[in-house]
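In what follows, a single structure is set out as structure tokens and then discussed.
Derivation of every value follows stated rules applied to the coordinates shown; laboratory data play no part. Quick caveat: nothing in here was measured; it's all calculated off a predicted structure. FYI the Cβ positions are ideal-geometry reconstructions off the backbone, even for glycines, and counts take in every protein chain you see.
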């Protein structure tokens with residue numbers, strides 16, 4: 001694999017595809033790239049996820065490397081135009097591939113990439129990626145699924161430049177088997193990964209509704225004033241409220257249906273939660289979320 005890295009470097013300049021990524025300054029220290037609130041497809045080519053760069057005055061820390069090699073390359077080059085300094089650390093919040101398929105770009109630069117033990121035990125990294133099957137071949141060019149270079153199995157605190165970086169592993173299955181969030185206490189910034197969604201309906205397919213709500217309760221104790229989720233544009237202190245309200249209401253309504261003896265199919269029809277119908281991907285994901293919640297909660 002190592003012999004391929006110089007080849008990637010030279011070939012990347014020959015690619016006919018370029019992401020049009022627009023950096024947005026969230027705080028003086030944080031710049032993010034916000035993806036479209038939709039599923040991956042050949043129109044967005046994987047630009048449907050949020051990634052962030054934190055300026056530590058010494059270097060950048062990257063939260064989630066993005067959906068492909070070329071995505072990571074475009075974000076990095078955009079940041080170098082803003083402030084030319086190296087990336088010292090990349091952190092993967094969880095194993096869903098839209099968040100980490102840019103790892104190979106940074107590993108070839110010698111950057112440390114941190115991820116949870118889920119990257120060891122979850123077979124998703126050894127399978128053909130969802131991204132590869134949904135985006136154009138040109139957008140996926142040069143992408144090689146690459147595990148984090150360092151795996152952590154418990155909470156960890158680092159200091160890079162002028163920032164203390166707290167890595168918090170969720171104790172139970174939530175959005176994924178092992179979600180990890182990044183909290184920077186000096187600037188009260190929380191990077192919540194896919195524990196927080198805005199502007200579109202979340203996906204419960206790989207998660208656990210009880211663990212997810214419990215994780216959000218824990219995140220609330222951190223008292224962050226800036227919260228960046230994995231999808232969506234909202235980043236204020238209340239950015240997690242939509243996800244919490246959606247999951248809590250769904251749990252209440254599904255539990256009521258189960259207690260009343262209503263079967264799965266009828267519960268899916270009954271639990272419509274119309275106040276969320278204006279959210280992107282409601283038609284695609286909501287019924288599946290009710291289905292997943294029912295199958296979890298019926299065994300309580």
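Rounded to the nearest 10 degrees, the angle from helix 209-220 to the longest Cα principal axis of the chain is 60 degrees. To test your reading of the geometry: what angle, between 0 and 90 degrees and rounded to tens, separates the Cα axis of helix 241-259 from the longest principal axis of the chain? Approximately 30 degrees, to the nearest 10. Modelled this way, with points 7 Å down the Cα-to-C-beta line, the labels at residue 133 and residue 83 are 4.1 nm from one another. For the pair residue 169 and residue 42 in one chain, pulling the backbone fully straight at 0.36 nm per residue adds 42.4 nm over the alpha carbon distance. Of all beta bridges that DSSP places with both ends in the chain, some 55 percent have antiparallel geometry. Using only Cα atoms, tell me the angle between helix 69-82 and the longest principal axis of the chain; keep it within 0 to 90° and round to the nearest 10. Compared with the principal axis, the helix lies near 70 degrees.
Multiplying the residue separation of residue 120 and residue 299 by 0.36 nm and removing their Cα-Cα distance gives an extension gain of 61.6 nm. Modelled label positions at residue 59 and residue 151, each set 7 Å beyond Cα in the direction of Cβ, lie 2.3 nm from each other. What distance in nm lies between label points placed 7 Å from Cα along the C-beta direction at residue 241 and residue 222? Result for the modelled spin labels: 1.9 nm. Just checking the listed ones, 152, 258, 187: in the Gaussian network model of the chain with Cα springs under 10 Å, the one fluctuating most is 258. Which label belongs to the value computed from this structure, given these candidates for log10 I(q)/I(0) by the Debye sum over Cα atoms at q = 0.07, 0.12, 0.13, 0.15 Å⁻¹: (i) -0.26, -0.76, -0.89, -1.16; (ii) -0.40, -0.97, -1.06, -1.21; (iii) -0.47, -0.85, -0.94, -1.12? Comparing each candidate, only (i) matches the computed number.
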